[in-house]
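> After the structure tokens below, expect a handful of questions from me.
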Amino acid sequence: MTDSTRVRARGADKRRRLTAAAAQVLHRQGVERTTIADIAKAAGVPVGNVYYYFKTKDELVQAALAEHEGSLAELTGALDRLPDPLDRLKGLVDAWVGRRDVAARYGCPTGTLAAELDKRADGVLDLEAGRVIRRLLDWVERQFRELGLPDAAGHAVTLVAAYQGMSLLANALRDPEIMTSQGARLTRWLDSLTADGDAS
């Protein structure tokens, strides 16, 4: 390995660590309370080095959103390996419930970020957060379409809205069991849709 290859590899590792740290710290602290120094500390990168990779905090917010989108793509990619779309949807609910302790403490990573960014006047980063949520909605809608159910888009909104709602309540009440009970309710709802053909 040449010196320049090693330098590039170290640089890529620092950028990756900063991106992951941004996603984690912004989720826990919110955009306004988070400083570049907070993210640098969490990444184990000297604060002065951060500016080589990200010029502003907004660029770190964008990187965090990309990290959330990557995590979503990884999850849905794994679920896409299941042959049955109903099992994929139930797997999604199981993944949400599996993160109940994090949701109870900090809420949904993308949803809380989208709500906070919406309060800003620039109208740029909130649209990027919305794009990540849209990607989830599109994936869920595709599963309902594969199940042959009418109003796949409406069912997708119902499922994702239920997730956002249960995350918000779990966080507001600091009660992870809300995620557990509502996740079970969502699973029963999914079963009823396929049993009845439509539960609208």
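The values are calculated or read from the model by the stated rules, or taken from the named source; none is laboratory data. Predicted model only: the values in this text are computed from it and were never measured. Note: ideal-geometry Cβ built from the backbone for every residue, glycine included; neighbour counts use all protein chains shown. Accessible surface is based on the protein model in full, side chains and every heavy atom, while ligands, DNA and RNA are left aside. Shrake-Rupley method; radii C 1.70, N 1.55, O 1.52, S 1.80 Å.
> Pairs only if they're at least six apart or on different chains, beta carbon under 8 angstrom, first in the stretch 11-39 and over 16 Å from LEU117 (Cβ atoms) and in a helix (DSSP H, G or I), second open to solvent by 20 Å² or more (accessible area, probe 1.4 Å) and of a type in the set (S, T, N, Q); list them, first residue then second.
Filtered contacts from the stretch 11-39: LYS14/ASN49; ASP38/GLN29.
> Within the group ARG142, ARG185, ARG131, which residue is open to solvent by 50 Å² or more (accessible area, probe 1.4 Å), within 23 Å of PRO83 (Cβ to Cβ) and either outside any loop (DSSP other than H, G, I, E, B) or in contact with a helix residue (DSSP H, G or I) (Cβ under 7 Å, 6 or more places away or on another chain) (or both)?
One residue alone meets the criteria, ARG142.
> Here's something else I'd like to know. For GLU59, work out the one condition from (1) touching a residue at least 40 places away in the same chain (Cβ under 8 Å); (2) surrounded by fewer than 21 Cβ atoms within 10 Å (Cβ to Cβ) it doesn't fulfil.
Of the numbered conditions (1) touching a residue at least 40 places away in the same chain (Cβ under 8 Å); (2) surrounded by fewer than 21 Cβ atoms within 10 Å (Cβ to Cβ), the odd one out for GLU59 is (1).
> Among the numbered criteria (1) touching a helix residue (DSSP H, G or I) at 6+ places or on another chain (Cβ under 6 Å); (2) farther than 22 Å from ALA184 by Cβ, which one does GLN24 miss?
Condition (1) is where GLN24 drops out.
> Looking only at the stretch 69-83, which residues are open to solvent by 70 Å² or more (accessible area, probe 1.4 Å) and either part of a helix (DSSP H, G or I) or small (Gly, Ala, Ser) (or both)?
GLU74
> Tell me whether the stretch 84-96 contains one or more residues that are modelled with pLDDT of 95 or more and either touching a Pro at 6+ places or on another chain (Cβ under 7 Å) or open to solvent by 60 Å² or more (accessible area, probe 1.4 Å) (or both).
Yes, because at least one residue in the stretch 84-96 is modelled with pLDDT of 95 or more and either touching a Pro at 6+ places or on another chain (Cβ under 7 Å) or open to solvent by 60 Å² or more (accessible area, probe 1.4 Å) (or both).
Conditions tested, residue by residue: (1) free of Cβ contacts under 8 Å to residues at least 24 places away in the same chain; (2) within 15 Å of the chain's Cα centre (by Cα); (3) surrounded by 21 or more Cβ atoms within 10 Å (Cβ to Cβ).
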residue	(1), (2), (3)
ALA114	yes, yes, yes
ASP126	yes, yes, no
GLU146	no, no, no
PRO150	no, no, no
GLU177	no, no, no
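> GLU141: over 20 Å from GLY107 (Cα atoms), of a type in the set (Asp, Glu) and in contact (Cβ under 8 Å) with a residue 60 or more places away in the chain, yes or no?
no
> Taking VAL50 as the residue in question, decide whether it is in contact with a Leu (Cβ under 8 Å, 6 or more places away or on another chain), part of a helix (DSSP H, G or I) and within 30 Å of GLU32 (Cβ to Cβ).
In short, yes.
> Only residues that are in contact (Cβ under 8 Å) with a residue 12 or more places away in the chain, surrounded by 15 or more Cβ atoms within 10 Å (Cβ to Cβ), within 21 Å of ASP87 (Cα to Cα) and among the small types (Gly, Ala, Ser): list them for the stretch 152-175, please.
Listed by number, the residues that qualify are ALA156, ALA162.
> Please verify whether the stretch 99-108 includes one or more residues that are under 30 Å from ARG33 (Cα atoms), open to solvent by less than 20 Å² (accessible area, probe 1.4 Å) and of a type in the set (Phe, Trp, Tyr).
No, the stretch 99-108 has no match at all.
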